[in-house]
Amino acid sequence: MTLDVGVIGTGMIGQDHIRRLADVLSGARVAAVTDVDTDRARTVADGLSDVRVHPTGQDLIADPGVDAVVVTSWGPTHEQYVLAAIAAGKQVFCEKPLATTREACERIVDAEVAAGRRLVMVGFMRRYDEQYRAMKEVVTSGEIGAPLLMHAAHRNPSVPDHFTSEMIITDSTVHDIDVARWVLGEEIAAVRVLKPRVSSKARPGFNDPLLVLLEMGSGVLVDVEASVNAGFAYDIRGEVVGEDGTVELTESAGVLTKQRGRWSGRVPATWKERFARAFDTEFQAWVDAVAAGGTTGPSAWDGYAATVVCDTGLEALRTGERVPVVLRQRPDLYKEQ
């Protein structure tokens, strides 16, 4: 069986996922696309075989020839498309964020709970990265003892002019927030945000870098260094410190070369280079699960929790205070994931 997928949003990430579905993965094809920029959607469709272009996301979801839906549109539109897919009983892969507000995420969770089965997977691709998976395995096995601390760094070489200090949390640190919850297997209880000396590469009024401190429910502390004007590369770091040892990510990509009394290696230039394989693995897992009649991976609850923690982080950024994270009770639908 070949899964006929409809893609809502044909911007940069949408086109990358379309390429993945068309050329890299097995068991799926792109059957329909749509975008607020209709000309762009038509251009993308013209490069594929037998792809329908719909005027709206709702029309695409209603198409009987679309088996499952991928949402890669602008963040504030995610809620309406995910809710429409749930109402249609179609599995939906939604790029992060699940939605941009706590209330919108709660409406999605409520709709999925009412449907009685999981229909949503959220695109936190780091869970499919080989190094992060190995890290989680070591932590879960108890090999390094009880976790005490987690260190992380998210360094972008640069960001577009529209990028704001708040987006350091909502667009960059959100990945580290999800990784902390997933690797440590617990919720985040409180957030603080510290503002170090501002980089000379940052625009006026732009707080970069930030140090985001997460307190886990068990007392484990997680520090995330988030820098979006690092210049030299796209550099991702991670380490968990336990009572009996540590586990950390190795250099992000490439090989280590030693010669003439020196050593050198490559650091990825972009997020695509660092996480290309993780994206492929993530999407193949989704396609396989949907073809088998279900879904997998990060759930609507994970998307909700990440959005709430990001909102809490924004309050902490504004106030400079420690701000508790307040989550609703986790529904039974998400307790066995």
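If you take all C-alpha pairs in segment 161-259, what percent of them are over 21 Å apart? More than 21 Å apart: 42 percent of the Cα pairs in segment 161-259. So which of Lys136/Lys272; Lys195/Lys272; Lys90/Lys335; Lys136/Lys201 end up more than 25 Å apart, counting from Cα to Cα? Table pairs above 25 Å Cα-Cα are Lys195/Lys272; Lys136/Lys201.
Each Cα pair under 8 Å and six or more residues apart adds its separation to the average, and for the chain the resulting relative contact order is 20 percent.
Against the chain, whose longest principal axis is taken from its Cα atoms, helix 102-115 shows a tilt of about 50°. Note on Ala22/Thr250: beta-carbon distance plugged into 1/(1 + (r/R0)^6) with R0 of 41 Å gives a FRET efficiency of 0.80.
With Cα atoms defining each centre, segment 164-239 and segment 12-80 are spaced 32 Å apart in the structure. The long axis of helix 78-88 is offset from the longest Cα principal axis of the chain by roughly 50 degrees.
Label-to-label distance for Asp288 and Leu48 is 2.2 nm, based on points extended 7 Å past Cα in the beta-carbon direction.
Given a 10 angstrom Cα cut-off, can you work out which residue in Arg107, Arg262, Arg40 is the most mobile in a GNM of the chain? Answer for the Gaussian network model of the chain: Arg262.
Given their separation in residues at 0.36 nm each and the Cα-Cα distance between them, Val36 and Ala115 gain 25.6 nm when the chain is fully extended.
Of all the options Ser73, Ser218, Ser200, the one that moves most in a Gaussian network model of the chain with Cα springs shorter than 10 angstrom is Ser200. The GNM of the chain, with springs linking C-alpha atoms under 10 angstrom apart, assigns the highest mean-square fluctuation among Arg322, Arg203, Arg102 to Arg203.
Footprinting exposure proxy ranking of Met167, Met216, fewest other C-beta atoms within 10 angstrom first, gives Met167, Met216. Sorting Val174, Val224 by the number of Cβ atoms found within 10 Å of their own Cβ, with the fewest placed first, yields Val174, Val224. Note on the chain: Cα convex hull, mean projected area over all directions, 19.0 nm². Exposure proxy for Asp176, Asp288: other Cβ atoms within 10 Å of each Cβ, ordered fewest to most, give Asp288, Asp176. Report, to the nearest 10°, how far helix 271-291 tilts away from the longest principal axis of the Cα atoms in the chain, using its own Cα long axis and a range of 0 to 90°. So the inclination is approximately 50 degrees. I want the antiparallel fraction of DSSP beta bridges within the chain, as a percent rounded to 5. Counting DSSP beta bridges with both partners in the chain, the antiparallel share is about 55 percent.
Every number here is computed from the coordinates shown, using simple stated rules; none is lab data. All values derive from a computational prediction rather than experimental measurement. Counting neighbours? That spans all protein chains shown, and the Cβs are built from the backbone with ideal geometry, glycine included.
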